[in-house]
1. At 0.36 nm per residue, minus the direct Cα-Cα distance, what do residue 124 and residue 169 gain on full extension? Give it in nm, one decimal, please.
2. Could you give the nm distance between label points at residue 116 and residue 143, where each point is 7 Å from its Cα heading toward the beta carbon?
3. Measure off 7 Å from each Cα along the Cα-to-Cβ vector at residue 57 and residue 26, then give the distance between these two points in nanometres to one decimal.
4. Taking other Cβ within 10 Å of each residue's Cβ, how do 23, 78 sort, fewest first?
5. Diagonalise the Cα gyration tensor of the chain and give the resulting equivalent ellipsoid semi-axes, square root of 5 times each eigenvalue, largest first, whole Å.
6. So if we plug the beta-carbon distance of residue 43 and residue 105 into 1/(1 + (r/R0)^6) with R0 = 45 Å, what FRET efficiency do we get, rounded to 0.05?
7. Need one number: convex hull volume per residue for the range 82-167, Cα atoms only, in Å³.
8. Starting from the 7 Å offset along Cα-to-Cβ, what nm value, one decimal, do you get for the label separation of residue 69 and residue 88?
Amino acid sequence: MHDHHKLLSHPAMLTIREGIQRDLWLKLAVGLGLLVAGLALVAFFYQKYRLLAVLGLGIGLPGAWFLREYIHRPKVEDDPLWQVLHRRPRHIVWVYTQEEQLMPFGLLLTKRGTLFVMLLDGTELTLALPTRKLRLASKYLQRLLPHAVVGFSQERRQQFETNPALLLKN
């Protein structure tokens with residue numbers, strides 16, 4: 001267990017922490033933005049244009065949901081991915097990354113990276129990371145989780161859907 005704690009202090013954990021923090025801030029910003037916009041529509045158009053007021057409710061409700069999510073887990077340490085990495089690493093059976101590029105008309109506009117962490121109970125946890133940090137996180141998790149498989153394949157996807165325990169290394 002000593003090696004596990006040593007690995008948890010690895011600099012790559014900072015990358016994962018920053019990704020989780022970015023996700024938390026995004027939930028807060030989007031939640032506040034949608035809630036304020038929705039409530040403003042309701043307040044301004046309730047008397048004359050009720051359809052716009054209903055639209056405001058439709059915009060405000062997802063904002064309230066994002067805020068509720070943020071309020072329930074406002075710290076990185078409360079995030080499910082952080083919890084499983086620190087408290088139940090043996091529950092992780094499969095880790096892989098995916099990189100997406102937005103290239104309309106052949107022009108690279110943006111790159112996004114996603115870290116997928118698949119759990120023994122069939123749960124999937126995801127984390128958005130800068131594409132340049134994906135490999136660092138993947139290599140780090142490979143060392144932290146020697147019992148889990150790393151990398152994507154259709155065969156692994158089928159095994160995970162059939163029985164996640166099939167992916168555990170002996």
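Only the coordinates and a few stated rules stand behind these numbers; no lab work does. None of these values were measured; they are calculated from a predicted model. Using ideal geometry, Cβ is built from the backbone for each residue, glycine included, and neighbour counts are taken over all protein chains shown.
1. 14.3 nm
2. Roughly 2.5 nm, to one decimal.
3. Label-label distance for residue 57 and residue 26, simple model: 3.0 nm.
4. Final ranking by Cβ density, sparse to dense: 78, 23.
5. Working: eigenvalues 274, 72, 55 Å².
In descending order the semi-axes read 37, 19, 17 Å.
6. So the FRET efficiency works out to roughly 0.60.
7. So the per-residue hull volume is 99 Å³.
8. The modelled label-to-label distance comes out at 2.0 nm.
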